[in-house]
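The values are calculated or read from the model by the stated rules, or taken from the named source; none is laboratory data. Quantities reported herein were computed from a predicted structural model and do not represent experimental measurements. Cβ coordinates were reconstructed from backbone atoms using ideal geometry, including for glycine residues, and neighbour counts include every protein chain displayed. These accessible areas exclude ligands, DNA and RNA; they are computed on the full protein's heavy atoms, side chains included. Shrake-Rupley method; radii C 1.70, N 1.55, O 1.52, S 1.80 Å.
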Amino acid sequence: MKKAVGYIRPYGRTAAFAVVIMFIGSIAELFLPLLLDYIIDDVVPAGDLAMVLWLGLAMLGCSLVAMFGNIWANRLSVSAAAGMTHDLRYDLFKKISYLKSGQVDEVTVPSLVSRLTSDSYYVNQMVARTLRLGVRAPILLIGGIIMTFIVDAHLALVLLACVPFVVLAVALITRRSIPYYAKKQARSDDMVRAMQENISGVRIIKALSKEEHEKERFRSISDRLGETDFAAKRVMSLTNPLVTLILNIGLVAVIAVGAAMSDGAGSVLAVLTYFTMILNGMLGLSKIFVVLSQGVASADRIEKVLDMDERQSVEQLPEGDADCAVQFCGVSFSYNGAEDNLTDINFSLRRGGTLGIIGATGSGKSTVVNLLMRFYDADKGTVYVDGRDVRSYDPAELRSRFGVAFQNDFLMAATVRDNIDYGRQLPEGAAEFAADSAQAGGFIASLEGGMQYGVAQKAANLSGGQKQRLTVARALAGNPEILVLDDASSALDYETDAALRRSLAERYPSAAKIIIAQRVSSVRQADAILVLDDGRQIGLGTHEQLMRDCEEYRLIYRAQMGEDV
C-alpha cells in the first residue's frame, strides 16, 4: 500500500494546503457552540444587546470560514487525488505494457484490466476521502470533546465514556471487511473475463445460438460477485448504526446529567451541539474506514503488478553461426512447466532464405515465434539471431530486426496510413511501397480517402483478407531483416497468396523469411520446411525431400492437393 499511496508526494503541497484549510474551517466550526453558550448564559441575562450583535456577527464569520474553507479544501483534495490517480494509472499501464509474457499469463489479462480501472478508482476514493474527512472528522471528534470539557466537564465525561466503545466497534468491523473486498476484486476479474470473451466471441455465440447459455453463465458470475459485495457491505453496514446507537445512548445520558447538574440552558445546548459534531466526526471516521477497506485491498493488488520485475536480463553468451539469420539448437519449452510445448527443435535459416513451418493446430508453430522474439525464454537449448544468443540482446534491439504479422493481429481505430506506420515516422513513400508489396495497394486505392481512410474499431469495416494485407504491410514497412508471417495469409485466396510470395521474393531479397501456414502451397517453394507435430520436429527439408521422407507431410499434401507430386 505504501508504494501506491506514495504517488501523492508530487501533490504534497496541494494536499497539505487542503489539510491546512480544512483545519482552519473545522476549528472555526468548533467555536460556534461556545459562542452560543456564552450568549445564552452570560450576555442575554445581562441585557447587553450590542454584545449580542457583535457575537452574532462573530458566529456568522465562523460559519462562513467553516463553509468556504470546507468547500475549498474539498476541491484541493479532489485535485490532489485526481493527479495521484493519473500518475498511478500511467505507471501501471506502462508496467503492464512491458511485462513479460509469462507474467501476463500469471496475472491474466482480465485481472490487469480490473486493476487498471476499478482498483485504481478505489485507491482514488481512499485518498480523496481521507484528505477530505481525515482532518475534519478527527478535529470534530477530538475538538468537540475538548470544547465540551471547557463548557461542562461532567457532561464531557459522559460523552468521553462512549468513545472507546465506538473505536472498538469500528476497528473490529473494518478488520473483518478487508478480506471480503479482496475477494470481491477477484470476482470482479472473473466478470471482466466473461465480458471480454462474450465481446470477442459474439459471432460464434450468435452462430451457435448460445445467447441464453452465455446469459446464464454471466448471471452466475454476476451473482457470485453480488454475493461477495453484499457480504462485504453487510459487515460494513453495521458501522453507522452501531456508532449512532452508542452515541445516542451517550446523548440520553448527557440530557439526564445536564438536567440534574448543569447550571444553564446554554451549556446543555452547547454540549448537545458538540455531541452532533462528535457524532459527525465518528461517522466521518467510519466512512474513512469503509473506503480504506476497499482501498487497501485494491492498492495491494496494484502493488503486486508494480513490484514485478519486467526487465529481461541481458547476458554475454557464446555465439552461434554468424552466417545464419535464425538458428534453433536443441530448443525445448513449456508454458506451464509440466509438459513440453516444444521438444528438441533444431533448424537454421540463412540470410535471404525462406523457412516454412507447417503443422496441425497446437503443434507449436507460434511458439517458435514467441521464443525467437524472446516473448518467452527457452527452457533448454539456445535460440540465435544473426549468430547471437537472443538472451544477449536488449529486447528492443532484438525486436527492431523483425517485421511480424500474426493471423489475428490487431488494427487501430485510425487511418490506413497510421496503421501501417504505427508511430514509426517512416520515410515518405514507405507506407505506400509496403502496402503495394503486401498486395493491399489496389483495395486501399478503392477506399474513400485512400491512405486516409478511417479504419473502424477492430477493423470492422474491412474484410478478413484486407485486414491481413494491412498487417503484412505494417510488418514490411520497417524494411525488416527478418520477416515473420504467422498464418498471416490464411484469409487470402490462392492467387493473392501467390502474388504476395512473389512480391516478397522480388522486393525483399535480403530479408530472412519465416512463413507459418496451414496450406502447403504457401510454403512449398521455401528453401526449407519445418514440420511440427505436438511440439516435436518430425521433418525438415525441401518440399521434395519431405515428400520422400516425411509421412505426415505427405498426408497433409495429399489432403490439400489430392496428389503425391
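What the table below lists for this structure:
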read-out	value
In segment 474-497, the residues that are assigned to a helix (DSSP H, G or I) and touching a Gly at 6+ places or on another chain (Cβ under 9 Å)	Arg474, Ala475, Leu476, Ala477, Thr496
Pair list, Cβ under 8 Å, 6 or more apart: segment 20-44 residue without any contact (Cβ under 8 Å) to a residue 12 or more places away in the chain, other residue surrounded by fewer than 19 Cβ atoms within 10 Å (Cβ to Cβ) and of a type in the set (Val, Ile, Thr)	Val44/Val52
Only listed residue being open to solvent by 70 Å² or more (accessible area, probe 1.4 Å), in contact with a Leu (Cβ under 8 Å, 6 or more places away or on another chain) and closer than 22 Å to Ala297 by Cα, chosen from Arg89, Arg115	Arg89
Residue match in segment 63-70 (condition: touching an Asp or Glu at 6+ places or on another chain (Cβ under 6 Å) and part of a helix (DSSP H, G or I))	yes
Single residue of Ala477, Ala473, Ala517, Ala511 found to be under 40 Å from the mean Cα position of the chain (by Cα) and under 12 Å from Ile358 (Cβ atoms)	Ala517
The listed residue being of a type in the set (Ser, Thr, Tyr) and at pLDDT below 90, out of Ser334, Ser313	Ser313
Segment 444-473 residues that are closer than 21 Å to Gly429 by Cβ, paired with ones that are in a helix (DSSP H, G or I) and open to solvent by 50 Å² or more (accessible area, probe 1.4 Å) (beta carbon under 6 Å, 6 or more apart)	Met451/Arg417
Residue list for segment 432-462, restricted to those being over 13 Å from Arg417 (Cα atoms) and among the hydroxyl-bearing types (Ser, Thr, Tyr)	Ser437, Ser446
Positions within segment 196-212 being assigned to a helix (DSSP H, G or I), at pLDDT below 80 and either open to solvent by 100 Å² or more (accessible area, probe 1.4 Å) or closer than 20 Å to Ala186 by Cβ (or both), in sequence order	Gln196, Glu197, Asn198, Ile199, Arg203, Ile204, Lys206
Residue among Gln407, Gln439 that is surrounded by 15 or more Cβ atoms within 10 Å (Cβ to Cβ) and at negative phi	Gln407
Residues within segment 489-498 that are open to solvent by 20 Å² or more (accessible area, probe 1.4 Å) and either under 16 Å from Gln407 (Cβ atoms) or in contact (Cβ under 8 Å) with a residue 24 or more places away in the chain (or both), tallied	5
Index of the failed condition, Ile529 passing every other in (1) surrounded by 15 or more Cβ atoms within 10 Å (Cβ to Cβ); (2) in a helix (DSSP H, G or I); (3) over 39 Å from the mean Cα position of the chain (by Cα); (4) at pLDDT 90 or above	(2)
Residue match in segment 44-63 (condition: modelled with pLDDT of 85 or more and either charged (D, E, K, R) or within 21 Å of Pro138 (Cα to Cα) (or both))	yes
Filtered residue count, segment 435-453, keeping only those that are in contact with a Ser or Thr (Cβ under 6 Å, 6 or more places away or on another chain) and assigned to a loop (DSSP other than H, G, I, E, B)	1
Which listed residue, of Phe31, Phe23, is touching a Cys at 6+ places or on another chain (Cβ under 7 Å), assigned to a helix (DSSP H, G or I) and closer than 23 Å to Ile145 by Cβ	Phe31
Which listed residue is open to solvent by less than 40 Å² (accessible area, probe 1.4 Å), β-branched (Val, Ile, Thr) and closer than 27 Å to His86 by Cα, from Ile8, Ile39, Ile71	Ile8
Boolean, Gly423 is small (Gly, Ala, Ser), in a loop (DSSP other than H, G, I, E, B) and either open to solvent by less than 40 Å² (accessible area, probe 1.4 Å) or farther than 13 Å from Ala405 by Cβ (or both)	yes
Subset of segment 1-57 [of a type in the set (A, V, I, L, M) and under 30 Å from Ser120 (Cα atoms)]	Met1, Ala4, Val5, Ile8, Ala15, Ala16, Ala18, Val19, Val20, Ile21, Met22
Boolean, Ala15 is open to solvent by less than 50 Å² (accessible area, probe 1.4 Å) and at pLDDT 80 or above	yes
Pair list, Cβ under 6 Å, 6 or more apart: segment 374-403 residue under 16 Å from Leu99 (Cα atoms), other residue of a type outside the set (Gly, Ala, Ser) and open to solvent by 70 Å² or more (accessible area, probe 1.4 Å)	Asp394/Val314
Spans of strands (runs of 3 or more DSSP E) in segment 288-368 with at least 2 residues touching a residue at least 60 places away in the same chain (Cβ under 8 Å), farther than 30 Å from Ser120 by Cα and not hydrophobic (A, V, I, L, M, F, W, C)	342-350, 354-359
Complete set of residues in segment 166-177 that are surrounded by 18 or more Cβ atoms within 10 Å (Cβ to Cβ) and not small (Gly, Ala, Ser)	Val166, Val170, Ile173, Thr174
Top-ranked residue of segment 87-105 - restricted to ones that are outside any loop (DSSP other than H, G, I, E, B) and charged (D, E, K, R), ranked as nearest to Tyr121 (Cα to Cα)	Arg89
Failed criterion for Gly134 (all others in (1) modelled with pLDDT of 80 or more; (2) within 30 Å of Arg187 (Cβ to Cβ) hold)	(1)
Set Arg548, Arg507: member being open to solvent by 10 Å² or more (accessible area, probe 1.4 Å) and touching a helix residue (DSSP H, G or I) at 6+ places or on another chain (Cβ under 7 Å)	Arg507
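Yes or no, residue by residue, for (1) more than 31 Å from the chain's Cα centre (by Cα); (2) within 29 Å of Gly83 (Cα to Cα); (3) open to solvent by less than 70 Å² (accessible area, probe 1.4 Å):
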{"site": "Arg132", "(1), (2), (3)": "no, yes, no"}
{"site": "Val151", "(1), (2), (3)": "yes, no, yes"}
{"site": "Pro164", "(1), (2), (3)": "yes, no, no"}
{"site": "Lys184", "(1), (2), (3)": "no, yes, yes"}
